[in-house]
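Q: The structure that follows is given in the form of structure tokens.
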Amino acid sequence: MLNWIEKRTGFISMAQEFLTEDVPGGASYWYVFGSATLFAMMVQIVTGIFLTFFYAPSAATAWESTRAIYLNPYTHFLLAVHYWGASAMIALVFLHLLQVLIFGAYKAPRELQWVVGVILLLVTLVLGLTGYLLPWDMDAYFASQVSLNIVGLAPIAGPVLQHIAQGGGSMGTATINRFFGLHVWLMPAVLVLLVGAHLAIFRHNGSAGPVVDDPRRLKPGRFWPDQFFMDGAFSLIVFIIICFLAFVAPPYLDEKANPTKFFVPYPAWYFLSLFGLLALVPPEIHFGPLVIGTELIATIVGPTIFLIVILLIPWIDRSRTRSFGARSGLLWSTAIVIGAIIALTAYGQITTMIKQAAAPASPPESAVLAAPAAAAEAAPAAGASGASPASAVTGPGASTFAANCATCHGAQGQGSPGAFPPLADNPVVTGDPTKVIGIVLNGLHEPVTVNGQSYNGQMPPWKGTLTNKEIADVITYIRGSLGNNKASAVTEAQVAGYKP
């Protein structure tokens, strides 16, 4: 049978060639991270395919189908494995890149192998980000809204990309469909192609081996059976850990997404360092008359520069050997950066927990799952157009407010102490409409005082992101519906004719 298959496909000889690959210096557990990452990717693909059998991607059905998955013990476990497998895959890609960095295996002729590996990490993070929205519960909605708002901060293309990702001016069915397409089709396809390229380059260059002064003195080992056993054993341990976490700590399902409620989201652990950086930096930096907003620097400029530096490490490192001594500066810099990431992650965790403690508590998951389906379906959910049905009850600006303003100012316009001013019972909001139009169009970049309380006054400009009609509607909603606000409406013509 094997000879018959070999004559017609050549698979047997190809497998033999692969398994008999030389491993410089012999097998080592240092080399298991790449294979374990590949194994985690296969777990994600398999579990993800089966989850698509039960998931319905729309604002009217996403949460309901996720709830049905939770109510079945088998699909619930499958979802939990997929959830923890995502964390395992991201951690393994990071550890694999770190091991390559420590061993100096990015040096010539392996520069492109390093670049492909870094891009693989980015694609894996995008997979985690797009999958976070799909349950369409409160945490998924508001955490994804923060991510989309960060995308909108990018100069020139940011608002356009945010509008494309959202599928309109607010989050709804179109947003779920875009994230679902990215998560299930586009990003996995890109991931598989990158993994194929990474393996092809690796096979071409061979293993770099351990860090030694003269690699020619290394005694070669074989991939089969020693390294194969180590890779398989470590992958099995990873799978056992994933299944254990899936059993004892499955992901929590919150109430169905309701943009009219106030909610403090909890980001995925691999984005906590970015949240910690945002919480740490001041709202703005003053250089005399020049005022620089730090949000753009912390979320777009800084991470982009950091990524470029990481990609260029093979060319930045000018040492002639892979020895630790020759690369001591790079290794110490790596240790400092990792320490900073860990510190920012811890700080992001602490600040998020403090904010959540001050916010209304989420109901226990047992109550969420036990709620009648009819009650769940009655919760506000965005329709196919991306607008919330809440607008039919509370006015045309309600959905725009819920999608773009409620995260900071609260579902009822109550604001956030010290950070975002209240919009309800705010004399500025109910005062001169021209001033309010200017604030919404151009944003705020300096501290403000409302009813004797100080706030940081940081607000993005909505000009170009929202249409004049959307801006008029949301201002009308704020001025006439929040708290005791009973001010006059604002028209689209007033917005279009605004002059500072």
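Q: Could you tell me which of the pairs LYS435/LYS463; LYS261/LYS499; LYS355/LYS435; LYS261/LYS435; LYS463/LYS499 are separated by over 24 angstrom between their Cα atoms in the structure shown?
A: Where the Cα-Cα span goes over 24 Å, the pairs concerned are LYS261/LYS499; LYS355/LYS435; LYS261/LYS435.
Q: Among the chymotrypsin sites (Phe, Trp or Tyr not before Pro) in the range 288-360, which ones are in a DSSP loop with at most 13 other Cβ atoms within 10 Å of the Cβ? Mind listing them? Can you show the working numbers first?
A: Values: sites: PHE306, TRP315, PHE324, TRP332, TYR347; in loops: PHE324.
Listed in order of number, the matching sites are PHE324.
Q: Ranking request for peptides 424-436, 127-139, 79-91, 173-185: highest mean number of other beta-carbon atoms within 10 Å first, then the rest in descending order. Show your work: numbers first, answer last.
A: Details: 424-436: 16.3, 127-139: 23.5, 79-91: 21.9, 173-185: 19.8.
Order by mean packing, descending: 127-139, 79-91, 173-185, 424-436.
Q: OK, next. Just to verify a number: FRET efficiency for ILE338 and ASN442, C-beta to C-beta distance, R0 = 41 Å, to 0.05? Can you show the working numbers first?
A: Values: r = 40 Å, r/R0 = 0.97.
With a Förster radius of 41 Å, E is 0.55.
Q: Using helices alone, I'd like the mean residue ellipticity at 222 nm for the chain: each DSSP H run of four-plus residues gives -39500 (n - 2.57), total over residue count, nearest 500.
A: -18000 deg cm²/dmol
Q: Right, next: About the Cα centre of the chain, what is the dipole size in debye to 20, counting +1 per Lys and Arg Cβ and -1 per Asp and Glu Cβ, all else neutral? Let's see the in-between values first.
A: Numbers: 24 positive and 25 negative charges, 173 e Å.
Computed charge dipole of the chain: roughly 840 debye.
Q: Between LEU112 and ALA200, what is the spin-label point distance in nm, taking each point 7 Å from the Cα along the Cα→C-beta axis?
A: 0.9
Q: Mind putting a number on the dipole of the range 389-496 about its Cα centre? Charges go on the C-beta only, +1 for Lys and Arg and -1 for Asp and Glu, and I need it in Debye to the nearest 20. Each step should come with its number before you reach the end.
A: Values: 5 positive and 6 negative charges, 10 e Å.
About 40 debye.
Q: Would you list, by chain and number, the aspartates and glutamates whose Cα falls below 19 Å from the Cα of LYS469, excluding same-chain residues fewer than 8 positions away?
A: Leaving aside aspartates and glutamates fewer than 8 places away in the same chain, those within reach of LYS469 are ASP432, GLU492.
Q: Among ILE475, ILE297, ILE150, rank each residue by its count of other Cβ atoms within 10 Å, from fewest to most, as a rough exposure measure.
A: ILE297, ILE150, ILE475
Q: When a footprinting reagent is the concern and you count Cβ atoms within 10 Å, what order do SER147, SER362, SER333 take, fewest first?
A: SER333, SER362, SER147
Q: Which lysines have a Cα less than 28 Å from the Cα of LYS219, not counting those fewer than 8 places away in the same chain?
A: LYS107
Q: Now for a different question. Would you mind checking the range 75-98 for residues with the amide N under 17 Å from a putative spin-label position 7 Å along Cα→C-beta of LEU369?
A: The answer is 75-84.
Q: Could you let me know the centre-to-centre spacing of the range 78-96 and the range 476-500, using Cα atoms, in angstrom?
A: Here the answer is 47 Å between Cα centres.
Here, each number is a calculation from the coordinates, and none is a lab measurement. Because the structure is predicted, anything quoted here is derived from the model rather than measured. All Cβ positions, even for glycine, are placed from backbone atoms using ideal geometry, and neighbour counts span all protein chains on display.
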